[in-house]
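Worksheet: one structure, shown below.
The values are calculated or read from the model by the stated rules, or taken from the named source; none is laboratory data. Since this is a predicted model, take the numbers as computed values, not measurements. Cβ placement follows ideal geometry from the backbone for every residue including glycine, while neighbour counts extend to all protein chains displayed. To get the accessible areas, we keep the full protein, side chains included, count just its heavy atoms, and leave off ligands, DNA and RNA. Shrake-Rupley method; radii C 1.70, N 1.55, O 1.52, S 1.80 Å.
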Amino acid sequence: MDEMPQDHRPAKSIRVLLAEDQGMMRGALALLLGLEADIEVVAQVGAGDVIVDTALIHRPDVALLDIELPGMSGLDAAAELRDQAPDCRVLILTTFGRPGYLRRAMEAGAAGFLVKDGPVEELAAAIRRVLTGETVIDPALAAAALSAGPNPLTARECDVLKASVDGATVADIAGKLHLSESTVRNYLSSAIGKTGTRNRMEAMREARQQGWL
């Protein structure tokens with residue numbers, strides 16, 4: 001039998017992996033995207049540390065990742081996907097449109113960054129666009145990121161601020177990060193100065209608000 005001409009073959013569905021920790025939101029997104037004739041949600045996960053393994057099994061064309069996930073952030077998972085599943089395009093979808101998140105997403109190799117308050121038609125269009133090689137970024141967030149400038153904190157200052165959660169003492173932080181207490185104090189002092197805050201808890205809140213952590 002002669003092969004069907006290329007132009008008349010049925011369009012191949014875009015295979016999507018969806019990572020979202022809120023079950024109701026995940027189910028709603030999967031349902032709405034599934035209504036698109038050319039999109040198929042082939043996998044859904046609720047934690048960041050299973051994204052890469054799931055992608056290697058299901059081989060999605062596009063991974064739609066939330067940022068704040070248990071186990072591993074969507075940004076860290078995006079960086080791992082870039083190395084282990086380079087054919088999978090990553091689209092970050094988040095509640096928090098923070099400028100620092102956008103910069104980190106682009107550094108992790110993400111092809112797009114959208115906030116969750118947009119219509120599902122816009123999301124479906126973004127999935128199609130990143131698959132053609134485009135980079136899709138929420139315009140308001142792009143403008144905010146350009147005006148905000150780069151993250152002033154070093155990687156170690158970020159580590160120390162992250163370890164400051166839940167009332168951790170300087171000794172606790174030093175033990176966790178294998179640093180001396182004086183080194184921890186120096187990093188905290190530097191981070192407080194760079195964020196223009198009065199103490200480490202304020203510095204951590206400001207850094208989170210900016211999307212630097």
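Going toward the positive end of the dipole of the chain, with +1 on Lys and Arg Cβ and -1 on Asp and Glu Cβ, which of VAL160, GLN210, GLY71 do you reach last?
Checking the options against the dipole of the chain, the answer is VAL160.
Give me a comma-separated list of calculated 3J(HN,Hα) values for segment 173-185, in order, Karplus coefficients 6.51, -1.76, 1.60 applied at θ = phi - 60°, integers in Hz, x for any Gly or Pro.
5, 4, x, 5, 9, 6, 10, 6, 5, 5, 5, 4, 4
At 1.4 Å probe size, what's the solvent-accessible area of ILE39? Round to the nearest 10 Å².
10
Heavy atoms only, 1.4 Å probe, whole protein assembly: order TYR187, TYR101 by accessible area, highest first.
Details: TYR187 65, TYR101 10 Å².
Ranked list, largest accessible area first: TYR187, TYR101.
Under 30 Å between alpha carbons: how many lysine pairs meet that in the chain, if sequence neighbours fewer than 8 apart on the same chain are excluded? Intermediate values should be presented prior to the final figure.
Working: LYS12/LYS116; LYS116/LYS162; LYS162/LYS176; LYS162/LYS194; LYS176/LYS194.
Eligible lysine pairs with Cα atoms under 30 Å apart amount to 5.
With every protein chain left in place and a probe of 1.4 Å, what is the accessible surface of HIS58, to the nearest 10 Å²?
Approximately 70 Å² of HIS58 is accessible to the 1.4 Å probe.
Per-residue HN-Hα couplings for segment 208-213, Karplus 6.51 cos²θ - 1.76 cosθ + 1.60 at θ = phi - 60°, whole Hz, x for Gly and Pro?
5, 4, 7, x, 7, 9
Probe radius 1.4 Å, ligands and nucleic acids left out: which of SER73, SER180, SER164 has the largest accessible area, and how do the rest follow?
Values: SER73 30, SER180 55, SER164 0 Å².
Result of the area sort, largest leading: SER180, SER73, SER164.
Under a 1.4 Å probe, what is the accessible area of the chain per residue, stated in Å²?
Values: 11170 Å² over 213 residues.
Result: 52 Å² per residue.
Using amide H atoms built 1.01 Å from N in the peptide plane, name the residues 5+ places from PHE113, or on other chains, whose amide H lies under 5 Å from its own.
When sequence neighbours closer than 5 places are left aside, the close amide H contacts are ILE92, VAL136, ILE137, ASP138.
All other residues with a Cβ under 13 Å from the Cβ of VAL165 taken together, and with Lys, Arg as +1 and Asp, Glu as -1, what is their net charge? Can you show the working numbers first?
Numbers: positive: LYS162, LYS176, ARG200, ARG205, ARG208; negative: ASP159, ASP166, ASP172.
Local net charge: +2.
Enumerate the amide H contacts of ALA63 below 5 Å, restricted to partners 5 or more residues apart or on another chain; note that Pro and chain-start residues carry no placed amide H.
Here the answer is LEU17, ARG89, VAL90, LEU91, since their amide H atoms fall under 5 Å of that of ALA63.
Can you work out the Karplus-derived ³J(HN,Hα) for every residue in segment 33-40? Use 6.51 cos²θ - 1.76 cosθ + 1.60 with θ = phi - 60°, whole Hz, and x for glycine or proline.
Residue by residue, segment 33-40 yields 5, x, 6, 6, 4, 10, 10, 10 Hz.
Put +1 on the Cβ of every Lys and Arg and -1 on every Asp and Glu Cβ in segment 99-213; which of VAL184, VAL130, ASN151 then has its Cα farthest towards the positive end of the dipole?
The residue sitting farthest along the positive end of the dipole is VAL184.
State the percentage of accessible surface on segment 95-213 attributable to carbon and sulfur atoms; use a 1.4 Å probe and exclude ligands, DNA and RNA. Mind dumping the intermediate values first?
On the way: 3160 of 6050 Å².
Heavy-atom surface of segment 95-213 belonging to carbon and sulfur, 1.4 Å probe: 52 percent.
What residues qualify as long-range amide H neighbours of LEU69, i.e. H under 5 Å apart, gap of 5 or more or another chain, H built at 1.01 Å from N?
Those qualifying (amide H under 5 Å, at least 5 residues apart or on another chain) are GLY74.
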